[in-house]
Amino acid sequence: MQKVFNPDEYEKKWREIWEEEQLYNTDNPIHSEKEKYYCLDMFPYPSGKGLHVGHWSGYVLSDVWSRYKMLHGYNVLHPMGWDNFGLPAETDAINRGIHPTISTKANIENIRRQLKEIGTVYDWSKELNTSSPEYYKWTQWIFLKMFKRGLAYQKEQPVNWCNHCKVVLANEEVEGGKCERCGGTDIEKRMLKQWMLKITEYAERLLNDLDKLDWSEKVKEMQRNWIGKSIGAKVKFTAIQNDGNKQEIEVFTTRPDTLFGATFMVLAPEYPLLDKLVTPEKSDEVKLYVKKSGLMSNVDRQKTDKEKTGVFTGAYAINPVNGKKVPIWISDYVLMDYGTGAIMAVPAHDERDFAFAKKFNIDIIEVIKSENSIYDNDGNLAQAYTGDGVFVNSEYLNGLSVEDAKKKVIENLKEQNKGEGTVNYKLRDWIFARQRYWGEPIPVIHCKHCGIVPVPEEQLPVTLPMVESYKPTDDGKSPLSAISDWVKTKCPVCGQPAERETDTMPQWAGSSWYFLRYPSVSHKGSDKAFALENDLKEWLPVDMYVGGIEHAVLHLLYSRFWTKVLYDEGLIDFDEPFQRLFNQGMICRTAYRCHQCNKWVPTAEVDFHGEEPHCPTCSQVLDTSMEKMSKSKGNVVNPDDLVNEYCTDALRMYELFAGDATADSEWNDDGIKACWNLLKKAWNFVTTTKLEEKASAEALKPLHILIKNIDNRINLFKFNTAISAIMEFMNTVSQIKSGFSKEYMETFLVTISPFAPHFAEELWRDFLSHEKSIFLERFPAFDKKLIAEDSAEIAVQINGKIKARFMADINADKNTLIKLAKELAQIKPLLEGKTIVKEIAVPKKLVNIVVK
RNA sequence: GCCGCUGUGGUGGAAUAGGCAGACACAAGGGACUUAAAAUCCCUCGGAGGUUAAACUCCGUACCGGUUCAAGUCCGGUCAGCGGCACCA
């Protein structure tokens, strides 16, 4: 009787059996002899929206990779968990009026169901959740390690405060002046005392170690940019205060060579000792400017195209190289949190200083001459010249090049104790506190007598109290501060009444080390943060990390930092968490926007009458654009619907087939049909072909080509062409009438099983009556001899244009090929009366005859 | 502005190491089967010319130029798009 293709029936069945058999549990004894392999997905934060087909693609990809590794005999750890703490979950809870402990639980259940429907190999026995006390106990423990190493400290400083989210933002969370969370621009600088992590201490290592990682250049470059190393010098100027005393002002510059061209100095408006410098007659003007720039939003202040503003302080400083008096100005183009908050201004050779000097009529002294400098009609510099050249007006530097002048001036400054060579980074310390409820409490106690005291390790975790009201406040205080029962405690050192820290950790805390936790999750008896025991230790570091590019700086930089700290603590024996990183592209789909109503129109609601899409409310023709899938743009495709209409395996295959895995790809609603048809064809092929004792050479050839192609292409992460290899195979074998065997079908099923696991398992165990899972098989090796061709088609070109083709023996040498080509009926006449200039032959490919 | 990446049919995309551009699909058109539709199967499918039909000829991988017997691929320049950084001294 013919076996009917009915995925609805078998897909669910196999998922349940796999789970019952604990097939993917790495502790299952059937895997005990195997080499370990750790393939990790970036874990999701459980939002209420569920997964769309764009999210699926990354999970399918890592699943194919994991299954492929299993078939190569590895014990594959492929875990999943929930990044549950943090703003997304809290915002979702507030919007729905449900406590986050409850709302996230429901969200997790929905996403877990969806992930299971993908047919993934997750080892659910190792599921973790960053908001569970047994997990965040260790997040707090790591924090205390940092605190004890002096890497966590409190500092009062101006910080980015998002008025919409009512929370402090780390520098990494401000993207182009906008809040990374809400996309809003209502961000102001507030003076707040904050917990900080000294990531800057690791800047150099975070930069250098990028070289040893197997990551895309793009992500590495983004991290390099973010760390932003600049090599330059610190130079000490001496300023005269308004009380007549001297004050040293240090500047950072990447161009110490141009020091003789410094004609003024600029301080950031927030510069600490400004009051002592400003002269009485300038005092009001300066105060007004400082106030104004303090009120300006980040976005406005950072606009590069805006005109320079500034105020003269009335004070002067002495240039250490030539004793010249230069005026001290303040301006908002100098930032307090980079370098020293003060610069020496060299208008002739810096564009910003040039613009400033032009506007306020300050001297411009050229110290580098070059034929590339541009002058106006009066012979003055028309713009700053920043290139190389020959030094002038610079005493002992005259005649030197930029490189030599830098060296010499630094030497000189150092001798006179007026400065030294130094390095600066754009990277700032990580603001590590949030004034929010839904996060890990920072485990310290404030005691009037003993200062800041860490909570003793044996008292961890400091649990987050269950409260009714967890909404954020406007005053920058954590909702926890209102819970006096919780806040009031005793100092662990002196026993006197003391108060708990009420800020919580940022969203990124839990995800900074979760990959270390997975291997030991089901070993709960071990009272350790992460696997140090021999058998667990071997899992780490992560072999393959798969996720979106959106975490290129934030999560991936933070994780690298924490890993290095834990390495320095001697807790782990590696200092990079993710050896190999794969960033999948995003899936895009047409989105419709009505410029009249000024909103996105969900695809399902678009009125498609006539040729063009119309707005359902105002009937305007809609603007269309290709956008990454998102609920807010209304262009998501729900995988649940496609699984119902087709099947999981078809959707898995189409996600891969749609395009290059690294690139963004476009969702085509009809595309899945191709994969659905492919499965149907393959099903009929396996179930209806008449089998013989032994497979024929004719039949084996396409099979071994398939094995070779799949193997190569999975290794190169070329999943789209791996799927087309299966299509090509089906097209070829449909022309072959006989010569197939049972063994043949078995090999075929193993080869395609990473892509269509349910399909392969059903035919393997049910149709071909195997006891054990197909995923305990070995991926077949291809046989070169079976693929080998005995002849090849040779293209014949005259002057590079194809004129004929012929079949030749695969081993024919160059001379034979040329000889055969010249005798061809189509070629012979073309050579008559011509002089042959050159003859080129490429075995197995072509012959090119150059004639005159 | 600086840095990085990408430009291939109507569409998504193929093309080891410079060697037959457009694999594999989607859409479209035509045909078969069918009372009909769906499903399935077969054919056509970059452009221009050419022929009853073929053969055949020319052009064609954003644009301009170069290297080479040979360029989607290498080099130089231009344009466009995407991403990152951006008053970082």
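Going 7 Å from the Cα of A:GLU109 in the Cα-to-Cβ direction, what parts of region A:41-55 have a backbone nitrogen less than 13 Å from that spot?
None, by backbone N distance to the label point.
Can you bin every Cα-Cα distance in region A:668-741 into 10 Å intervals starting at zero and give me the percent of pairs per bin, rounded to whole numbers?
Reading the bins upward from 0: 18, 45, 30, 6, 0.
Percent of alpha carbon pairs in region A:591-746 separated by more than 28 Å?
Everything past 28 Å amounts to 41 percent.
Apply the Karplus curve 6.51 cos²θ - 1.76 cosθ + 1.60, θ = phi - 60°, to the phi angles in region A:222-236 and return the couplings in whole Hz, x for Gly and Pro.
Per residue, the Karplus-derived 3J(HN,Hα) values read 4, 5, 4, 4, 5, 5, x, 6, 10, 9, x, 8, 9, 10, 9 Hz.
Based on the Cβ-Cβ distance of A:THR835 and A:SER401, what FRET efficiency does E = 1/(1 + (r/R0)^6) give at R0 = 41 Å, to the nearest 0.05?
So the FRET efficiency works out to roughly 0.15.
Of all DSSP beta bridges in chain A, what percent run antiparallel (nearest 5)?
Bridges in chain A are about 75 percent antiparallel.
Quick check: residue separation of A:PHE767 and A:VAL493 times 0.36 nm, minus the Cα distance between them. What number comes out in nm?
91.6 nm
Sort largest first and round to whole Å: the equivalent ellipsoid semi-axes of region A:348-498, each the square root of five times a Cα gyration tensor eigenvalue.
Equivalent ellipsoid semi-axes, largest first: 60, 22, 13 Å.
I need to check one value: relative contact order of region A:233-390, counting alpha carbon pairs closer than 8 Å and at least 6 residues apart, in percent.
About 28 percent, as a whole number.
Just to check, using Stokes-Einstein with a Kirkwood Rh over alpha carbon pairs, what's the diffusion coefficient of region A:1-137 at 10 °C and 1.306 mPa s in µm²/s?
Value of D from the Cα-based Kirkwood radius: 96 µm²/s.
For A:ASP353, what charge total do you get from the other residues with a beta carbon under 14 Å from its beta carbon, if Lys and Arg give +1 and Asp and Glu give -1?
Around A:ASP353, the charge tally is +1.
What do you reckon, how do A:THR688, A:THR504 stack up by accessible area (1.4 Å probe), largest on top?
Heavy-atom accessible area, descending, gives A:THR688, A:THR504.
Taking the Cβ of A:PHE578 as the center, what net charge do the other residues with Cβ under 11 Å away carry, scoring Lys and Arg +1 and Asp and Glu -1?
Local net charge: -1.
Rule-of-thumb check for region A:122-272: C-alpha Rg over 2.2 N^0.38 Å?
Expressed relative to 2.2 N^0.38 Å, the Cα Rg reads 1.44.
Measuring from a point 7 Å past the Cα of A:ASN715 along Cα-to-C-beta, which residues in region A:59-83 have an amide N at less than 14 Å?
Backbone N within reach: A:69, A:72.
Given R₀ = 41 Å, FRET efficiency for A:ASP783-A:MET626 by Cβ-Cβ distance, to 0.05?
Once the sixth-power term is evaluated, E becomes 0.40.
Give me a comma-separated list of calculated 3J(HN,Hα) values for region A:678-689, in order, Karplus coefficients 6.51, -1.76, 1.60 applied at θ = phi - 60°, integers in Hz, x for any Gly or Pro.
Going residue by residue, I get 4, 5, 4, 4, 5, 4, 4, 4, 6, 8, 10, 5 Hz, with x marking Gly and Pro.
Taking all protein chains in place and a 1.4 Å probe, what share, in percent, of the accessible surface of region A:1-152 do carbon and sulfur account for?
Reported share for carbon and sulfur atoms: 50 percent.
In whole angstrom, and with the biggest value first, how far do the Cα coordinates of region A:334-388 range along each principal axis?
The Cα atoms of region A:334-388 stretch 39, 26, 13 Å along their principal axes.
Past 27 Å, Cα to Cα: identify those pairs from A:LYS69/A:LYS694; A:LYS126/A:LYS426; A:LYS34/A:LYS105; A:LYS198/A:LYS477; A:LYS178/A:LYS599, in the order given.
A:LYS69/A:LYS694; A:LYS126/A:LYS426; A:LYS34/A:LYS105
Could you work out how far the C-alpha centroid of region A:482-521 sits from that of region A:770-806, in angstrom?
Here the answer is 61 Å between Cα centres.
I'd like the projected area of chain A, averaged over all directions, using the convex hull of its alpha carbons. Report it in nm² with one decimal.
Mean projected area of the Cα convex hull: 51.9 nm².
Report the FRET efficiency, 1/(1 + (r/R0)^6), for A:GLU204 and A:VAL842, where r is their Cβ-Cβ distance and R0 is 51 Å, rounded to 0.05.
0.55
Figure the gain on full extension for A:LYS148 and A:LEU273 (residue separation times 0.36 nm, minus the Cα-Cα span) and round it to one decimal in nm.
Answer, rounded to one decimal: 41.8 nm.
Can you give me the angle between helix A:697-715 and the longest principal axis of chain A, using Cα atoms only, in degrees from 0 to 90, rounded to the nearest 10?
Rounded to the nearest ten degrees, it is 10.
Can you give the Rg to Rh ratio for region A:130-173, taking only C-alpha atoms and Rh from Kirkwood?
1.08
Averaged per residue, what accessible area in Å² does region A:529-661 show with a 1.4 Å probe, protein chains only?
Per-residue accessible area for region A:529-661 comes out at 41 Å².
Would you calculate the separation in nanometres between label points at A:LYS212 and A:HIS449, each defined as 7 Å from the Cα along the Cα-to-beta-carbon direction?
Using points 7 Å along Cα→Cβ, the separation is 4.8 nm.
How large is ³J(HN,Hα) for each residue in region A:747-761, as worked out from phi by the Karplus curve 6.51 cos²θ - 1.76 cosθ + 1.60 (θ = phi - 60°), to whole Hz, x for Gly and Pro?
Going residue by residue, I get 4, 4, 5, 4, 4, 9, 4, x, 7, 10, x, 5, 4, 5, 5 Hz, with x marking Gly and Pro.
May I ask you to give the percent of accessible area on region A:627-688 that is carbon plus sulfur, with a probe radius of 1.4 Å?
Summing carbon and sulfur atoms, their accessible area is 41 percent of the total for region A:627-688.
Computed over the Cα atoms, what is the radius of gyration of region A:7-50 divided by 2.2 N^0.38 Å, N being its residue count?
Output field value: 1.61.
Restricting to DSSP loop positions (anything but H, G, I, E, B) with no more than 16 other Cβ atoms inside 10 Å of their own Cβ, which trypsin sites (Lys or Arg not before Pro) remain in region A:656-765?
Taking region A:656-765 and a limit of 16 other Cβ atoms within 10 Å, the loop trypsin sites (Lys or Arg not before Pro) found are A:LYS690, A:LYS694, A:LYS737.
Could you compute how much accessible surface A:CYS618 exposes when probed at 1.4 Å, giving the result in Å² to the nearest 10?
Its heavy atoms expose roughly 40 Å² to the probe.
If you place +1 on the Cβ of every Lys and Arg, -1 on the Cβ of every Asp and Glu, and leave all else neutral, what size is the dipole of chain A about its Cα centre, to the nearest 20 Debye?
Approximately 1080 debye in magnitude.
Work out which GluC sites (Glu not before Pro) in chain A are exposed loop sites (DSSP not H, G, I, E or B, at most 14 other Cβ within 10 Å) and give the longest gap free of them.
Answer from the scan: A:34-306.
Check which residues have an amide H placed less than 5 Å from A:ASN84's amide H, if you skip close sequence neighbours.
Under 5 Å from the amide H of A:ASN84 lie the amide H atoms of A:THR130, A:SER131, each far enough along the sequence or on another chain.
May I ask for the angle, rounded to the nearest 10°, between helix A:100-117 and the longest principal axis of chain A, with both axes built from Cα atoms and the value confined to 0 to 90°?
The helix A:100-117 is inclined about 30 degrees to chain A.
If I stretch the segment between A:LYS471 and A:LYS803 completely, what's the gain in nm (0.36 nm per residue apart, minus their alpha carbon distance), one decimal?
Using 0.36 nm per residue and subtracting the Cα-Cα distance, I get 111.8 nm.
A:GLN194's amide H: which non-local residues (gap 5+, or another chain) put their own amide H closer than 5 Å, with H modeled 1.01 Å from N in plane and none for Pro or chain starts?
A:LYS155, A:GLU156, A:GLN157
P(r) for region A:744-852, please, calculated from all Cα pair distances in 10 Å bins and given in %.
Answer for region A:744-852: a P(r) of 13, 30, 12, 12, 17, 12, 4, 0 percent.
Quick one: which residues, 5+ away or cross-chain, put their amide H under 5 Å from the amide H of A:ALA345? H built at 1.01 Å from N.
Answer set, sorted by chain and number: A:THR263, A:PHE264, A:MET265, A:VAL266.
Helix A:351-360: angle to the longest alpha-carbon principal axis of chain A, degrees 0 to 90, nearest 10?
It is inclined by approximately 40 degrees.
The values are calculated or read from the model by the stated rules, or taken from the named source; none is laboratory data. On a predicted model such as this, the values are computed, not experimentally measured, just so you know. Backbone-built Cβ (ideal geometry, glycine too); neighbour counts: all protein chains shown. For the accessible areas, the whole protein counts, side chains as well, though only heavy atoms, and no ligand, DNA or RNA atoms are used. Shrake-Rupley method; radii C 1.70, N 1.55, O 1.52, S 1.80 Å.
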